[in-house]
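See structure below.
The values are calculated or read from the model by the stated rules, or taken from the named source; none is laboratory data. As the structure is a prediction and not an experimental result, all values here were calculated from the model. Reconstructed Cβ throughout: ideal geometry from the backbone, glycine too, with neighbour counts over all protein chains shown.
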């Protein structure tokens, strides 16, 4: 079968990539800019979001079954150092009118773009102060947001989603904290699942790491298994709309190459304009062997923000 | 035609309702509780969200065209008195690693459940301190959220959406600030559009009022046209999943009956467990005469919250 | 010497008090209200703040030496559970004018009335929902502060301050975490120091506990040595303006009587209208044997607040 | 009398200064750095705070009368654009213990260093990115404060305070919004009051402008009368510890020289290391003709902050 042959062939290449990946350095601006979407582009792989792509996803809805892919936002959740999440109930002082109406609301103080299950926009990360498409972050940053590539410009994303169950491939509940997922792992898992990748997909990698969420938050944020430089580069070659995982940075952390600091953030967001989707809840999808589905994701339209907490859904 | 006949018949009843509506008072707890969804129910009309309902909606996706129904969250938006929205960019102090990674984020302080385009949960409103299903708000309120009916329990809502273009019916860009939409208006608009309502629908009423958003915020929040008691009661009899509009309270404000204070909030949320969806952007839908579509809505999973800012989408 | 005789006599009484204290229960409203300052009073022992009292304090200023009694407000400080302190620098986007002016500021999110070195007002604590002078807290609480006895009404406090060095009396650097300071301890320390108490004084009790501040915050907030019911009652009989200490609740925590929860808070603030001053830095005062001084304290005028973070000073 | 002669002599010089002031430009770094307090100095005129200076002030306390010089911090107060002040009551969920203790507190979100009656530190203002003593603000700014010259390093300030009643001199309740106080005004007011300035003084200029506070906030912040370049330079030659006024920037705003933007901020804070004290309440002092007093000021010890809201006191 052609697909399998391709997978095997790519696998061989992958090991070469893995070795090469250890020496990864960001390509210079001249090699990474303008992006393949054009010099003025602010959407990156979000450009895959077209009516045709929506139809491609909608056709996968056959039973109407939905899977909630987001964690609850609450005091039990892990937050990265320097971030917070505080909710204060504001109780009413009514009653108003003869209907004796009372009204409640709540004040939230949080890095709301970067807590919980979260979607990373392109202003979140830079290489040497240059964002995606080599926009200098100092030119577009203001006290109250970024004037370019704010997450409010992304809009709803609807696309075919694919789950790659690497934990299942390895026969474990949770991958070890220092496990770097290889290209071969991805290929073998896809082969086992009988699913291939297509341009414009949302690729979600299952590690099992989210089982620590809310149970051992210190462990959860101390590091995690995930894709590294080689696997990220391979995935991005498949031309996805976004990459997601059930860990906090999508990628392995810390990176095995000690000279690199979350390099996949730079490879995906900064070099290639591919969004990241973090802290997903993928257990039910994995359990149900729901490897292919319509993914719907509605980033908040937070003007000038670097990302958005989200509550995405898989539908099949 | 049967449908039209039904509409006309209902119209006659409606005028009776209109007159009666002026004297509306909340039904006593004994008449409104337990709700039709059961005494322990926390979902109300959200119970319409079933795989069958998702399929009903998905079948309406024919071209893949999407409409964004949310306003941008930013300093230009109107916020109700006592609410705030502040975003502060947190710029990085990098670089990290040989990849010279920089990271940006932002702190947001806001009644995030009740700003922008927003979805109302059942802890938002009470009658004489009783929430939906006669839960006493004092029994379930804590400093950091509500222990029952928090918006985190709603989950993604996917359903058939119907736009009722009342501004179009009346031949105006924007309905006058004190215009109470009648049952007859709804019936005539639906008839003109050739669309009927079904159980489980998301019913969105177009008034044109959102044209003032960000242009004249003082005017926008000073009042608005919308449905009143009679139209709300008629709509709720059609058994919808939710009611929405392109104004801030879905309903007319202030209510023509001066003794009542936002009574539709109590009729929908408190008495009937029907969610409200406020501050929608419906102009493009109205312009495109997109009266029937799949509506997708992903409330944030804010634990114990009264609502959620949202970025819903119409797809057809 | 008369004074010594009195001290010894009181000491004997004290041990009786200590035993009795274990069964302390709040006096009923009929016995504690109206307070000795009158039924409408909102100032309690703050009424000691008079020109004569200021002069009494000013006369103690002989060298101009000052002691700073406050901790720095920063991320290293301990905060009680459910409280936070976050500071975000807001950097300018200038330059403005030909003078190329830049301006910086910072956003702080905090329970600013109840963090760091802090002054407790009378709305901070209640017995069975009744505040000082038996004002029902539900009658005066609003979403944005209390309509009575807010800390903005206190004003600058200038009075004679007395340090009681109990750690020094016991010959230890830090009192043990479960040490309840007795009346005899206070009397003996005062006798050793050669200082007596006067009506209107600010009485500051030195335990050494603040040496854990910023060093072992978990230990610092896990409990502390301090005065208990008996010592608090004895001190309040001396008619002070306020009671302070270098621990977080002024009093021993948890109370040795397991049925009581921070009872000195109720004895001082709720029953007697005596302010508390927490998390003081008293080491330099103790080291310098500065037992008598002018104390100056400027609570912020936070409308309707329960207290204020402060930066008090001792001057001699 | 020698003092008067000096005042008159200085007055003549002053008019020259006034004319010259219109062309003011910041002196280059080589002329303004290091400051007269030394190249490593972070305290500026705060170095006047010595025991001898405290005694100088304490000797002015003769009756014990105090004047509160701060506004209440509340929703009625004016805040400059881009700043906020929000207080949310956090009510208890007690009761705790047999004493049925309840506890209340409040969350405040605010640029707490720069709201209400406020004290400006040296990181608040820069000339061409250089702070006081030519420290580059980019070298000392972090996301959570400044590593040098934070307001926590200032400590309590106690000094002789002098009120200069310019409104009284001019025979008006409130100076006109565009009135630039001249050197002659200051000299004549001092002469009329029979009070001279001394090195280390806190000089408070009364304009009457605070009568608009809370009454017409839009007017209050739209501009104000105050000292300009010439008067500021003259005052700083007298070697004060700080300059204050009952308006929002201490100085006239906008500056009559349209090319300059709040130049006195730069002259005082950046060039000379002289603190500013804004939004004072000076009416009672003026009314009581209390022109000389002990001023006590306790800036909060907010680590790395640009300033502090304060509640200063005058005592005589």
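Residue count for region D:263-278, restricted to those that are closer than 24 Å to residue D:220 by Cβ, in contact with a helix residue (DSSP H, G or I) (Cβ under 7 Å, 6 or more places away or on another chain) and within 13 Å of another protein chain (Cβ to nearest Cβ): 6. Residues in region A:276-292 that are part of a loop (DSSP other than H, G, I, E, B), closer than 14 Å to residue A:68 by Cβ and more than 15 Å from the chain's Cα centre (by Cα): A:288, A:290. Name the residues in region A:199-214 that are more than 20 Å from residue A:286 (Cα to Cα) and either out of contact with any helix residue (DSSP H, G or I) (no Cβ under 6 Å at 6 or more places or on another chain) or at pLDDT below 95 (or both), would you? The answer is A:199, and nothing else.
Could you list, in sequence order, all residues of region B:219-229 that are surrounded by fewer than 24 Cβ atoms within 10 Å (Cβ to Cβ) and either in contact with a strand residue (DSSP E or B) (Cβ under 6 Å, 6 or more places away or on another chain) or touching a residue at least 60 places away in the same chain (Cβ under 8 Å) (or both)?
B:220, B:221, B:223
Residue D:244 falls short on exactly one of the conditions (1) in contact with a helix residue (DSSP H, G or I) (Cβ under 8 Å, 6 or more places away or on another chain); (2) farther than 28 Å from residue D:142 by Cβ; (3) buried (at least 24 other Cβ atoms within 10 Å of the Cβ), and that condition is (1). Hey, any hits in region C:204-213 for a residue that's in contact (Cβ under 8 Å) with a residue 40 or more places away in the chain, buried (at least 24 other Cβ atoms within 10 Å of the Cβ) and over 27 Å from residue D:94 (Cβ atoms)? Checked region C:204-213: at least one residue is in contact (Cβ under 8 Å) with a residue 40 or more places away in the chain, buried (at least 24 other Cβ atoms within 10 Å of the Cβ) and over 27 Å from residue D:94 (Cβ atoms).
Every test in (1) farther than 22 Å from residue D:209 by Cα; (2) over 14 Å from the mean Cα position of the chain (by Cα) is passed by residue D:273 save one, and that test is (2).
How many residues, within region C:110-135, are facing chain D (nearest Cβ under 7 Å) and surrounded by fewer than 22 Cβ atoms within 10 Å (Cβ to Cβ)? Adding up the residues that qualify gives 2. In summary, residue D:273 fulfils each of the numbered conditions (1) assigned to a loop (DSSP other than H, G, I, E, B); (2) touching a strand residue (DSSP E or B) at 6+ places or on another chain (Cβ under 7 Å); (3) more than 24 Å from residue D:151 (Cα to Cα) with the single exception of condition (3). Within region C:238-257, being within 14 Å of another protein chain (Cβ to nearest Cβ), within 11 Å of the chain's Cα centre (by Cα) and outside any loop (DSSP other than H, G, I, E, B) holds for one residue alone: C:251. Here residue B:199 meets each of (1) assigned to a loop (DSSP other than H, G, I, E, B); (2) touching a strand residue (DSSP E or B) at 6+ places or on another chain (Cβ under 9 Å) with one exception, condition (2).
Evaluate region B:158-173: report whether one residue or more is within 23 Å of residue D:93 (Cβ to Cβ) and surrounded by fewer than 24 Cβ atoms within 10 Å (Cβ to Cβ). Looking for residues that are within 23 Å of residue D:93 (Cβ to Cβ) and surrounded by fewer than 24 Cβ atoms within 10 Å (Cβ to Cβ), one finds none in region B:158-173, hence no.
Against the test of being within 14 Å of chain D (Cβ to nearest Cβ) and either modelled with pLDDT under 95 or within 14 Å of the chain's Cα centre (by Cα) (or both), the options C:260, C:295, C:235 yield a single qualifying residue, C:295. Can you report the number of residues in region A:64-77 which are touching a strand residue (DSSP E or B) at 6+ places or on another chain (Cβ under 9 Å), assigned to a loop (DSSP other than H, G, I, E, B) and facing chain B (nearest Cβ under 8 Å)? Total satisfying the criteria: 6. Taking region B:78-94 as the range and being at the interface with another protein chain (Cβ under 7 Å from one of its Cβ atoms), in a loop (DSSP other than H, G, I, E, B) and surrounded by 18 or more Cβ atoms within 10 Å (Cβ to Cβ) as the test, only B:91 passes. Tell me yes or no: at least one residue of region C:295-303 is touching a helix residue (DSSP H, G or I) at 6+ places or on another chain (Cβ under 6 Å) and closer than 23 Å to residue D:96 by Cα. No - not one qualifying residue is present in region C:295-303.
Of the residues making up region D:159-193, just one is part of a loop (DSSP other than H, G, I, E, B) and free of Cβ contacts under 8 Å to residues at least 24 places away in the same chain, namely D:171.
Conditions tested, residue by residue: (1) in contact (Cβ under 8 Å) with a residue 12 or more places away in the chain; (2) buried (at least 23 other Cβ atoms within 10 Å of the Cβ); (3) touching a strand residue (DSSP E or B) at 6+ places or on another chain (Cβ under 6 Å); (4) within 27 Å of residue D:156 (Cα to Cα).
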position: C:240; (1), (2), (3), (4): yes, yes, yes, yes
position: C:254; (1), (2), (3), (4): yes, no, no, no
position: C:264; (1), (2), (3), (4): yes, yes, yes, no
position: C:268; (1), (2), (3), (4): yes, yes, yes, no
position: C:287; (1), (2), (3), (4): no, no, no, yes
position: C:290; (1), (2), (3), (4): yes, no, no, yes
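Taken over region B:136-157, residues that are more than 7 Å from chain A (Cβ to nearest Cβ) and surrounded by fewer than 23 Cβ atoms within 10 Å (Cβ to Cβ) amount to 7.
If you go through region B:14-36 and pick out every residue that is modelled with pLDDT of 50 or more and either surrounded by 14 or more Cβ atoms within 10 Å (Cβ to Cβ) or within 14 Å of chain A (Cβ to nearest Cβ) (or both), you end up with 12.
Restricted to region B:95-158, the set of strands (runs of 3 or more DSSP E) holding at least 1 residues that are out of contact with any helix residue (DSSP H, G or I) (no Cβ under 6 Å at 6 or more places or on another chain) comprises B:101-103, B:105-110, B:118-120. Only one of the numbered conditions (1) at the interface with chain C (Cβ under 9 Å from one of its Cβ atoms); (2) part of a loop (DSSP other than H, G, I, E, B); (3) closer than 25 Å to residue D:237 by Cβ is violated by residue D:54, and that is (2).
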